[in-house]
Structures are given as C-alpha cells and as structure tokens.
1. How high is the relative contact order of segment 29-245? Use alpha-carbon pairs under 8 Å, at least six apart in sequence, and give a whole percent.
2. If you take every DSSP beta bridge fully contained in the chain, what fraction is antiparallel? Give it as a percent rounded to 5.
3. So what does the Cα-only Debye profile of the chain read at q = 0.09, 0.12, 0.16, 0.17 Å⁻¹, as log10 I(q)/I(0), no solvent term?
4. Around Asp91, under 11 Å between beta carbons, what's the net of Lys plus Arg minus Asp minus Glu among the other residues?
5. Cα to Cα, under 20 Å, and not fewer than 8 places away if on the same chain: which aspartates and glutamates meet these conditions relative to Lys198?
6. With just the Cα atoms defining each centre, how far is segment 141-192 from segment 87-104? Give it in Å.
7. Can you list the GluC sites (Glu not before Pro) in segment 62-121 that are in a DSSP coil and have 15 or fewer other beta carbons within 10 angstrom?
8. Can you show me the helix-derived [θ] at 222 nm for the chain, built from DSSP H runs with n ≥ 4 at -39,500 (n - 2.57) apiece and divided by the number of residues, rounded to the nearest 500.
Amino acid sequence: MRKAVLLVFFLLLTCVWNHAVFASDAKLPVILLDSGHNPPKSGAISVRGIYEFDYNDQFTAMLAEALRKASFHVELTRLPDKSIQLNARADLANRLMPELFLSLHHDSAQLVHLESFDINEITAYRTKKRITGYSIFVSRENAQFQHSMLFARQLGEHLLQLGRKPSLHHAENIEGENYELLDEALGIYQAGFVVLKKTKVPAVLLEVGVIVDEDDEAYISNPKNREKMVQAIVDAVNITVKKIRLGESD
Ligand SMILES: [Zn+2]
C-alpha cells in the first residue's frame, strides 16, 4: 500500500515537473530557422561538388542546437530530408509568429564570374577571381521592416567582429544582381524574396559564405569557423530579441 502511494506521488511529481518544463519552454522566445532550398539537388553546387541545401542543412542544425542551449525555442521550416515551397515557409512563419525568422543560404555568383569544371560526374563552378564573404538580405515589404533591419545590423556587426567581410557582389551592375545596398559597411541588401516580404515577423536571409569560391568554401567548411559564425549569430539573436522586447529599433 505504502509503495503504491509512493508510486502515485512519484508519477504526480514527474507529471508536474514535465508540465513545468513544457510550460516554461512555451514561454521561451521562438526563433524560426529556414534552411534554404530542397533536397536532393537544389541551389548552388560548391567547388567540391556539394549541393547548397546540404550546407544549409548542416549549418541550420548547428545553429538550432546552439540557440536551444542559449534558451531559445527553435522551430524549423523543414527537416533535412523534407521539401517545402517558398510560400509555405512564409505561411508557417505567419502561423507560428516567432520573434525572428532567419533563412540560411550559401552563396554563388553570376556565370560571368565563374568557370565550369567536372567533379564526381557533375558540372560544378568556381570563381575566376576571389569572391568571399557573407551577404544579408531584408525586404522593405516585410511588415516589420525596422525590426528586420535591427536583426540584420546585429548579424552584420557580429560577423564583422569575426573578421568576416560582406562580399558585396550582389550590388554589381550586371544581370541577376543589381541589389540595392541598404548598408554597405555591414553588407545588407534590399530584396523582394518571398520568405522575407510575405512573413509578418522580422525576417532576414543570410548567405553564410560563397561556396563557389575555393577560399570561402574552405573557410565555411572548417568546423572551428562554423562554430564561431554560429556563436556570432546566437549573440546577434540574443541582442535583437532583447532590444525588440525593450521597444528599441536600433
Ligand atoms: Zn540559396
């Protein structure tokens, strides 16, 4: 009898404890991470013949883990083996209404800057001259443009602190580029991408690095560099969420 009472008490305690954990988790700030493109073959192909979505998925997984450790509740628009269309990514953001939406990509360049070569029976491209660094995009059409800019600036500042530079090649006056630079020093562009303009929460798209450039691919595929970039993004997210909650816009 005593054992049974003890068991009921223990079960009750576990239940209350689980509920407490769940309840507190529900109050954590929600960050929605969006790994760009869909498997199996999508996005740019790196100098080493790796598809962009693969880089995006790996980086997203690392960032999700680091954000969870930093007491954020992380949601993903898609799991590594799943596909999702662009509008559905924005729709999910608008249903979940996270504090921040961050789309993660790895960059390429226009064909005029590339030369093709064959690797593992696929045609890959590499830059003829060095194009290295990150790029950040926001949309003026986003309902929370000011907060998107705040997040973008925090990301840029933290990446610069690592010694990373904005690549700036998307501002070049050639077909396929011509993106308006909103902040040249931090590498922030205006773009009408679906995942930026249709989301009703602060939204930023980050090109982590240029995978068609041998030097930049070597940098971003180095685990230590990835860890540093992940930590820089976690710091940027932390500061942005605090500032938004305090009602600050820069
Ligand atoms: Zn991409």
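1. This gives 28 percent for segment 29-245.
2. Numbers: 13 of 32 bridges.
Bridges in the chain that DSSP calls antiparallel: roughly 40 percent.
3. For the requested q values the scattering log ratios are -0.42, -0.69, -1.17, -1.31.
4. Details: positive: Arg89, Arg95, Lys198, Lys200; negative: none.
With Lys, Arg at +1 and Asp, Glu at -1, the neighbours total +4.
5. Asp34, Glu75, Asp91, Glu99, Glu141, Glu180, Glu207
6. Centre-to-centre (Cα) distance: 20 Å.
7. Numbers: sites: Glu65, Glu75, Glu99, Glu115, Glu121; in loops: Glu99, Glu121.
Sparse-neighbourhood loop GluC sites (Glu not before Pro): Glu121.
8. Details: 7 runs with 106 residues, N = 250.
Using -39500 (n - 2.57) per qualifying helix, the result is -14000 deg cm²/dmol.
Read the figures in this text as sums done on the coordinates, not as results from a lab. In this text the structure is predicted, and so the values were computed from the model without any measurement. Neighbour counts are summed over all protein chains in view; Cβ atoms, including those assigned to glycine, are modelled from backbone coordinates with ideal geometry.
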